[in-house]
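The values are calculated or read from the model by the stated rules, or taken from the named source; none is laboratory data. Predicted model only: the values in this text are computed from it and were never measured. A quick note on method: Cβ atoms are made from the backbone with ideal geometry, for glycine too, and the neighbour counts reach across all protein chains shown. Quick note on the areas: whole protein, heavy atoms, side chains included, nothing else; ligands and nucleic acids left out. Shrake-Rupley method; radii C 1.70, N 1.55, O 1.52, S 1.80 Å.
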Amino acid sequence: MHNRLLFLDNIRTLIILMVVILHAACAYAIIIPWWPAQEFPKPLFYTFLIMFFDIFCMPTLFFIAGYFSPSSIKRHGTKRFVFRKLKRLGIPFIMLGLFFVPYLSYLGYFGRTESPKGFFSMWWYQLKNAMTPEVVLFDSPEIGIAHINDYSVWHLWFLTLLLMFFILYAVIVKISPKLLQGKMPDQSSRSIMTAMLVAGVIAMLTVTGINLIIPVWSWLKCSGIFMVQPSRIGLYLTLFFLGTWASTQNWFSSGKFPLPFGVWLTMGILSFAMLIFISKGIMENTGPAPLGLAVATGAVRSVAALSWLGTLIKGTQLWWNSQGRVSRSLSRSSYDIYLLHMLFVIGVQFLAIGLPVPYFFKFLIAAVSGVLISWWLSRQLVSPYPKTAIGLLVGAWGLACVVI
């Protein structure tokens, strides 16, 4: 069993805050045309900001989730491990999927429709759409327009994919319990770097292979339950299992991590620069990518994800391996902030459309509002009174159905 590694908790908190910032930038970026709130013209700063956070935020979250999985299975056993994950991920997915994310879709629908239906009519339409067994690959603007009013799980895609990874890992451990045993601690730079190199190659091959079939930016939707970018699945799964390997090999028990911080940071900056260099080809590609572009995309995304993971690990081990009152509170609320922030971010963006103030001010208010309101709700309502929170969520939905 591992002692709690505060630097990993701090990384997770930081990543959640970055995700909120990413979503706050979406209204002002070129590459998110389906976002409910849109402002024009669109400065390149916000597009580059999204591209930067996008290369490492979710891979890092999957790594951390993987890291804490072996110790959790050791404590609870595979059956209870799966049950706990179903409860922690499944209940929020169902409740928020029914009574929270429909607000996000309705804001977009309301903003682009001259004579919009009422909230309940749109909710009922999307519920029926979510229950319809269909698989849609969003690989062209035309398909996106045709399904623009479909039900979407929005940011809850992370919950379903992570739950699948947890179940897969539990099945593998059930078949081969020796995977949990690990071996004598091996924190040698060679061992860690070899594992990261192998992970990078596997991730690169999966991103490249899928990009040779469909555009790397495509999304896949399976009814109202599952939504993901196919080109990212291999990267996310690889980082998740790299996390489980790091845990069983006790990578962090010595408090050291290979390579200086500056080396990791330099690799991260260079890989991001390469992503910007090839980004035009990525976004203009509307079908299977040419081999060179597919390989470049797979290599850059894999190197970038691992480089920034190393940067975060090394940096937080050196300078943020403790928690004060604020960071501890944010850490405890980070999951709730992820779940709740979207409505407040998009709500501020929507209300700010057309206001004669600089974009950066709107962006900043959206990001800060998303964090502070979600954090407050987590500490004052969701964490201490979860059943009351669910009741209020359903009640607010009912009121919206009557009033809107």
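Regarding region 97-177, what's the average projected area of the Cα-atom convex hull, expressed in nm²? Please list the in-between numbers first.
Numbers: hull surface 28.6 nm².
The directionally averaged projection comes out at 7.2 nm².
For LYS178, list the lysines whose Cα falls under 16 Å from its own Cα; do not include residues on the same chain fewer than 8 positions away.
List returned: LYS74.
Between 0 and 90 degrees, rounded to the nearest ten: what's the tilt of helix 44-54 against the longest Cα principal axis of the chain?
With both axes taken from Cα atoms, the answer is about 50 degrees.
Mind grabbing the accessible area of LEU205 for me, 1.4 Å probe, Å², rounded to tens?
Counting only protein heavy atoms, LEU205 exposes about 110 Å² to solvent.
Quick one: compute the contact order of the chain, relative version, from alpha carbon pairs under 8 angstrom and 6+ residues apart, as a percent.
Working: 524 pairs, mean separation 108.8, N = 404.
Relative contact order here is 27 percent.
Per the Cauchy relation, a quarter of the hull surface: what is the mean projected area of the convex hull of the alpha carbons in the chain, in nm²?
Working: hull surface 80.6 nm².
Over every viewing direction, the Cα hull of the chain projects on average to 20.1 nm².
Under 9 Å from the Cβ of LYS221, count the other residues' Cβ atoms, weight Lys and Arg +1, Asp and Glu -1, and hand me the total. Kindly include the intermediate steps, with their values, before the conclusion.
Values: positive: none; negative: GLU134, ASP150.
Around LYS221, the charge tally is -2.
Return, for the Cα atoms of region 255-342, the radius of gyration and Dmax in Å, separated by a comma.
Radius of gyration, then largest Cα-Cα span, for region 255-342: 17.5, 51 Å.
Sticking with the crude label model, points 7 Å out along Cα→Cβ, report the distance from TRP34 to LYS174 in nm, one decimal please.
Label-label distance for TRP34 and LYS174, simple model: 3.4 nm.
Can you tell me the 0 to 90 degree angle between the C-alpha axis of helix 119-131 and the longest principal axis of the chain, rounded to 10?
50
Just to be sure I understand: with springs between alpha-carbon atoms less than 10 Å apart, which residue in PHE63, PHE361, PHE261 has the highest mean-square fluctuation in the Gaussian network model of the chain?
Of PHE63, PHE361, PHE261, the most mobile in the Gaussian network model is PHE361.
Out of the total accessible area of region 32-186 (probe 1.4 Å, heavy atoms of protein only), what percent is carbon and sulfur? Mind dumping the intermediate values first?
Details: 5250 of 7670 Å².
For region 32-186, the apolar C and S fraction of the accessible surface comes to 68 percent.
I want the local charge near ARG112. Using Cβ-Cβ distances under 15 Å, sum +1 for each Lys or Arg and -1 for each Asp or Glu among the other residues.
Local net charge: -2.
Which aspartates and glutamates have a Cα lying under 13 Å from the Cα of LYS221, excluding residues fewer than 8 positions away in the same chain?
Output for LYS221: GLU134, ASP139, ASP150.
In degrees, nearest 10, range 0 to 90: what is the angle between the Cα axis of helix 157-175 and the longest Cα principal axis of the chain?
In the chain, helix 157-175 runs at an angle near 30 degrees to the longest axis.
Which pairs in the list LYS174/LYS256; LYS87/LYS387; LYS42/LYS117 are over 25 Å apart, alpha-carbon to alpha-carbon?
Working: LYS174/LYS256 31 Å; LYS87/LYS387 14 Å; LYS42/LYS117 29 Å.
Those over the limit are LYS174/LYS256; LYS42/LYS117.
Give, rounded to the nearest 20 debye, the magnitude of the charge dipole that the chain has about its Cα centre when Lys and Arg contribute +1 at Cβ and Asp and Glu contribute -1 at Cβ.
Numbers: 30 positive and 11 negative charges, 343 e Å.
So the magnitude is around 1640 debye.
What's the Kirkwood radius of region 162-259 in Å, using all Cα pairs?
15.3
What are the equivalent ellipsoid semi-axes of region 16-102, built from the alpha-carbon gyration tensor (square roots of five times its eigenvalues), in whole angstrom, biggest first?
Values: eigenvalues 236, 64, 9 Å².
Largest first, region 16-102 gives 34, 18, 7 Å.
When only Cα pairs under 8 Å and 6 or more residues apart are kept, what is the percent relative contact order across region 64-195?
39
In the chain, if the dipole is taken from +1 on Lys/Arg beta carbons and -1 on Asp/Glu beta carbons about the Cα centre, which of SER271, HIS155, SER176 is farthest to the positive end?
Farthest along the dipole direction, towards plus: SER176.
So for the pair SER191, LEU399, with labels modelled 7 Å out along Cα→Cβ, what separation do we get in nm?
5.6
Out of every Cα-Cα pair in region 248-404, what percent are more than 26 Å apart? Don't jump to the answer; show the numbers that get you there.
On the way: 7112 of 12246 pairs.
Distances greater than 26 Å cover 58 percent of the Cα pairs.
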